[in-house]
1. Give the calculated FRET efficiency between GLN136 and ASN101 to the nearest 0.05, with a Förster radius of 22 Å applied to their Cβ-Cβ distance.
2. Take the chain, connect every pair of alpha-carbon atoms lying under 10 Å apart with a spring to form a Gaussian network, then pick out the residue of ILE79, ILE39, ILE125 with the largest mean-square fluctuation.
3. Over all alpha-carbon pairs of segment 1-55, lay out the pair-distance distribution in 10 Å bins, whole %, shortest bin first.
4. What ranking of ASP153, ASP159 emerges when the number of other C-beta atoms within 10 Å of each C-beta is taken as an exposure proxy, fewest first?
5. In µm²/s, what is D for segment 70-205 at 37 °C and 0.692 mPa s, where D = kT/(6 pi eta Rh) by Stokes-Einstein and Rh is the Kirkwood radius from Cα pairs?
6. What percentages, rounded to whole numbers, describe P(r) for segment 161-212 computed over all alpha carbon pairs with 10 Å bin width beginning at zero?
7. Using the basic label-point model (7 angstrom from Cα toward the beta carbon), what is the THR173 to SER215 distance in nanometres?
8. Hey, in the GNM for the chain with a 10 angstrom Cα cutoff, which one of PHE24, PHE126, PHE158 fluctuates hardest?
Amino acid sequence: MSKIIAANWKMNMTYSEIDDFFYFFKNNDDFKEDRKIYIAPPFVYIDYVKKKIKNLEFNIKIGAQNCYFEDKGAFTGEISVSMLKDIKVNFVIVGHSERRNIFNENDELLNKKVKKVLESNLECIFCIGEKLEERQKGDTFKVLEDQLKKGLDGISKFDNLIIAYEPVWAIGTGVNASGEQIEEAHTFIKEFLNKNVANNLPILYGGSVKPENISEILNTKNVDGVLVGGASLIAEKFYKIING
Ligand code: PGA
């Protein structure tokens with residue numbers, strides 16, 4: 001089965017850094033065929049990245065890191081899913097732990113966003129994951145189940161849903177979850193999805209993915225790909241991850 005390699009650039013990159021990034025890929029484009037590449041730049045660079053990838057020999061899906069669920073109106077600072085459709089993005093990341101924890105996005109709001117993205121026929125990468133103290137208390141599965149139940153409540157169309165398991169303690173820390181921890185969480189999520197949601201939805205792992213650990217992670221049972229933050233900003237590292 002093919003693997004999804006998704007980049008979340010977060011609040012990083014400038015025009016010249018984006019130029020350098022894609023300059024590298026002009027000369028380095030021999031990818032394993034079964035890789036599906038996704039990149040989520042900051043909103044303001046989406047259009048520029050779309051222009052950049054037009055000249056490449058391989059396909060990259062472009063997405064947004066966030067959205068709002070209303071179509072338009074008095075919502076200062078927000079970007080709607082219909083606007084994202086209008087500029088032809090392919091996917092939206094919803095529920096990243098930074099949105100949940102820094103911007104206080106709760107399950108109810110995230111549920112509306114997931115619903116809107118899926119109803120709009122865009123792909124949705126819905127992120128879930130436990131904090132360190134929740135893992136230490138033995139609550140990991142409870143947290144994952146709760147986030148899945150609440151986030152997917154009342155939704156009936158799941159064709160474009162991708163789940164990303166991102167333990168909060170592994171994000172941006174350099175310490176990835178172990179193969180055993182990843183397999184255990186992914187197997188739990190897969191069983192929950194197969195029973196309550198839909199069969200065979202892809203499940204990505206995220207949290208300190210880098211060239212050094214990519215092959216172990218991609219070879220872990222029930223891992224269908226990765227969501228990469230820091231290491232996706234450096235073209236050479238991202239290239240190694242794609243081919244990992
Ligand atoms: P990281 O971030 O790869 O820098 O740990 C992952 C993520 O936040 O999706």
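Derivation of every value follows stated rules applied to the coordinates shown; laboratory data play no part. Source: prediction; values computed, not measured. In this analysis, Cβ positions are derived from the backbone assuming ideal geometry, glycine residues included, and neighbour counts consider all displayed protein chains.
1. 0.80
2. ILE79
3. Distribution as computed: 20, 54, 24, 1 percent.
4. Lowest to highest Cβ neighbour count: ASP159, ASP153.
5. 211 µm²/s
6. Pairs per bin, as whole percents: 25, 49, 22, 3.
7. Each label point lies 7 Å from its Cα, and together they span 2.7 nm.
8. Comparing PHE24, PHE126, PHE158 in the GNM, the peak value goes to PHE24.
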